[in-house]
Amino acid sequence: MSLHTPAQPLGGRVAVVTGASSGIGAATAEKLAALGARVALLARRADRLEELATRIEKDGGSALAIPVDVTDAAAVRAAADRIRARFGSADLLVNNAGVMLPAPVEELATDQWQRQIDLNISGLMNVIGAFTPHLVAAAAERGVADLVNTSSIAAQNIFPTFAVYSATKAYVSHLSRHLRAELGAKQVRVSTVEPGIVETELQSHVTDAGAQQWLSHSRETMEWLAPQDVADTIGFLAALPPRANLQQVTIMPTGQPA
Ligand code: NDP
């Protein structure tokens with residue numbers, strides 16, 4: 001018997017969202033739960049995850065909060081085992097945790113370079129390593145699975161002082177194209193979502209004065225995307241028929257030129 005209905009097209013599916021304690025990840029977890037998926041919530045802040053899990057359950061959904069630092073490969077593998085024990089193999093992975101720390105390259109902010117590389121690249125790979133076996137097994141069993149990687153328009157466009165961040169996102173987009181070609185034959189769809197600017201906590205970590213100024217000016221002159229806009233997009237692509245893979249989605253604030 002099929003568990004999905006028009007109102008809950010993701011019924012029966014098991015979603016994992018990283019970076020679920022705020023912004024795009026939190027909104028996406030909530031959306032996927034509303035569409036019928038059981039969701040595992042991963043990030044470091046346990047209190048935020050518990051709050052979100054409670055809200056999802058109150059709304060009739062099913063959620064499991066797992067505090068984890070995704071830069072710790074062993075901890076991510078342990079999280080994957082917990083999810084399999086509770087829900088079965090994950091078939092919808094939203095690999096979303098990330099950090100943006102722009103600075104002029106000549107300042108040699110090497111600790112910030114490293115944080116971005118550790119989370120946006122190595123953390124992303126830890127999650128792919130832990131969950132690819134889930135996705136492949138689930139796709140063989142249920143006919144489809146999704147790997148959705150959150151990239152950025154920074155993967156394609158040129159923003160001075162954002163070189164390291166942008167390069168980590170170029171990695172995410174190019175990796176996704178390769179993985180799609182590799183995993184598609186196994187019914188695992190791979191998508192990359194490249195948003196323009198979204199109102200989240202991402203901007204609050206920026207310490208560079210020039211970038212802060214650019215961000216404030218941008219906020220005053222255009223309406224940024226809301227996290228729910230990206231969440232709706234991910235919900236849409238996951239609910240497509242198994243034959244259709246939305247490979248790359250760019251979602252922009254209407255007023256953002258590039
Ligand atoms: P937020 O800062 O709101 O969310 C980032 C999330 O990542 C948080 O839940 C944070 O939770 C989590 N996180 C950070 N470090 C770790 C870690 N070591 N282990 C596990 N989780 C971690 O920003 P967004 O929602 O905007 O960011 C989500 C993604 O969207 C990022 O990849 C970002 O690059 C991308 N993006 C954002 C855009 C924007 O304008 N906002 C535009 C384009 C792309 P915690 O601190 O609890 O661990």
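List of remarks:
- Residue in region 167-189 that is touching an Asp or Glu at 6+ places or on another chain (Cβ under 6 Å) and either within 11 Å of the ligand (Cβ to nearest atom) or at pLDDT below 95 (or both) present: no
- Residue tally, condition away from the ligand (no atom under 11 Å from the Cβ) and either crowded, with 17+ Cβ neighbours inside 10 Å or at positive phi (or both), over region 190-213: 4
- Of all residues in region 48-74, those satisfying the criterion of being part of a helix (DSSP H, G or I), within 12 Å of the ligand (Cβ to nearest atom) and within 18 Å of the chain's Cα centre (by Cα) are ARG48, LEU49, LEU52, ALA73.
- Among the residues of region 214-244, the ones that are assigned to a helix (DSSP H, G or I), away from the ligand (no atom under 16 Å from the Cβ) and surrounded by fewer than 16 Cβ atoms within 10 Å (Cβ to Cβ) come to 1 in all.
- So LEU42, is it crowded, with 24+ Cβ neighbours inside 10 Å and in a strand (DSSP E or B): yes
- Options ARG177, ARG142: the member that is out of contact with any helix residue (DSSP H, G or I) (no Cβ under 6 Å at 6 or more places or on another chain), farther than 22 Å from THR233 by Cβ and in contact (Cβ under 8 Å) with a residue 60 or more places away in the chain: ARG142
The values are calculated or read from the model by the stated rules, or taken from the named source; none is laboratory data. Because the structure is predicted, anything quoted here is derived from the model rather than measured. All Cβ positions, even for glycine, are placed from backbone atoms using ideal geometry, and neighbour counts span all protein chains on display.
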